[in-house]
1. Please report the equivalent ellipsoid semi-axes of segment 3-262, computed as sqrt(5 x eigenvalue) of the Cα gyration tensor, largest first, in whole Å.
2. State the extension gain, in nm to one decimal, for the chain segment bounded by GLU154 and TRP246, taking 0.36 nm per residue of separation less the distance between their alpha-carbons.
3. Could you pull out every one of the lysines with an alpha carbon less than 21 Å from that of LYS213, ignoring same-chain neighbours closer than 8 positions?
4. Considering the dipole of the chain built from charges on the beta carbon (Lys and Arg +1, Asp and Glu -1) around the Cα centre, which of VAL100, GLN124, THR157 is farthest to its positive end?
5. Using the basic label-point model (7 angstrom from Cα toward the beta carbon), what is the ASN110 to GLU58 distance in nanometres?
6. Please list the non-local residues whose amide H lies under 5 Å from the amide H of LEU89, H modeled 1.01 Å from N, same-chain partners needing a gap of 5 or more.
7. Taking neighbour counts of Cβ atoms within 10 Å as a proxy for exposure, in what order, fewest first, do TRP246, TRP12 appear?
8. At 222 nm, what helix-only mean residue ellipticity would the chain give, in deg cm²/dmol to the nearest 500, using -39500 (n - 2.57) for each DSSP H run of four or more?
Amino acid sequence: MSSSTNTLPSTWLFGLHICNMRFAEANQHLLEVASNRDHASRVVVTPNVDHMTKLEYEPEFKTLYATSDYIFADGMPIIWASKMCALPLPERVTGADLFVSLCQGCIQQNMSIFVLGGMPGQEQLLLDSFAKTYPGLKVNIFCPSMQFSADGLESDTAIERIQAARPNILFICLGMPKQEKLAFRYREQFKSDNVPLILCVGAAMEFALGQKKRAPLWMQKIGMEWSWRLASEPRRLWQRYTTQAWRFVGLLLRERKVQKQMR
């Protein structure tokens, strides 16, 4: 977590400062950040089990990831892990939920968003969907190609469009690690005249617009959202929710040992 936000309550877990905040508190704080342009861009990441395990195999990227201004626990297993390590986080703060609540907040406060993501050529379709789902929301969209990278020519085009739009919030929906790498590049490149708040939120837009259906609320609350997603997209997600889950168990056992030694 960067020095600009190190006064916020956080829990040191899996080598990251994870924000120790309830959803409502986090949402309100982020809206305040988005409304103020007198600071450097602040980057939000929302790790889940898949992210945590991938970070362990990419130490250089994990070092960069750790500089995020806000790290919120997206996955319920991370909440359970925090309790098993006697460092309880109060609740999940998911990228999917933040996307919805921040869009609603932007409507109320007359702020704008920019979305980088979606399938190539879908801009007008997505704009129409936003107009129907979030009437009154000021939104710009750029849907890059599948070959998009954070340091390529297409990313230069994306950044030019973002700068021209001057949004309060930039949602990057490209998946890890593309979205985080672009967010960090942007934060480093623009020290002023920048986007106040950048969120790396993966498939959040698809859920927010009804393109993908989230698990029922009761499944989310008991930590079974993963089973819903696995049933919805088995070919794409089976490895994430099988192999990665077992790797996370190993990380948790190691983390418990580390936390005991620290006490």
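1. 28, 21, 18
2. Going from the current span to full extension adds 29.5 nm.
3. The qualifying lysines are LYS132, LYS221.
4. VAL100
5. Here the modelled spin labels are 4.1 nm apart.
6. SER82, LYS83
7. Lowest to highest Cβ neighbour count: TRP246, TRP12.
8. Rounded to the nearest 500, it is -14500 deg cm²/dmol.
Laboratory data are not the source of any read-out in this text; all were calculated from the coordinates shown. These figures come from a predicted structure and were not determined experimentally. All Cβ positions, glycine included, derive from the backbone under ideal geometry; neighbour counts span all protein chains shown.
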